[in-house]
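The values are calculated or read from the model by the stated rules, or taken from the named source; none is laboratory data. What you see is a predicted model, and the numbers here were worked out from it, not measured in a lab. Here the Cβ is made from the backbone with ideal geometry for all residues, glycine too, and neighbour counts use every protein chain on show. These area figures cover heavy atoms from the full protein model, side chains too; ligands, DNA and RNA do not enter into them. Shrake-Rupley method; radii C 1.70, N 1.55, O 1.52, S 1.80 Å.
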Amino acid sequence: MTDTTSPWTVEDLANRFAEAAWTAHRLPRVGPRGYFNPWMTTAFQVPDRYPDPERLYRPMPPSPQDVERMLEAMRWVQWLEVEQRHLVWMRAKRYSWRDITIRFACDRTTAWRRWQQALQIVVDRLNAKPGIAISTS
């Protein structure tokens, strides 16, 4: 959503959460400070190991603007209940509705309705005028 004057929609918000999940996936891995494993450098010096078709390649790290947008979306999730957060992030990570229904022990339509309701809560908060107080209950 590039235009700040247009109101948020559920579709815009769903896309923003999906973008945040992809950005989180692209963040560099974090390990213990000072940890170094020399075995991998030795193992990959063998010429017949290149290219390795089974090697998992990580995507390019996100830009600082992408990280800021992800952190902003994570702040929005704080407006939801814990179960709603799980539902929103599972869908943002492209989990199938079948996996979501198993996790929440409900029908697919019920899970979709709950997801829509959670997104609508955030949309209402984002579209609210600054002077209007919105209850969290």
The condition from (1) modelled with pLDDT of 95 or more; (2) surrounded by 10 or more Cβ atoms within 10 Å (Cβ to Cβ); (3) not hydroxyl-bearing (Ser, Thr, Tyr) that residue 44 misses is numbered (1)
Quick one: is residue 91 part of a helix (DSSP H, G or I), at pLDDT 95 or above, open to solvent by less than 80 Å² (accessible area, probe 1.4 Å) and of a type in the set (D, E, K, R)? yes
Just wondering, is there one or more residues in the range 69-79 that are exposed (fewer than 10 other Cβ atoms within 10 Å of the Cβ) and at pLDDT 95 or above? yes
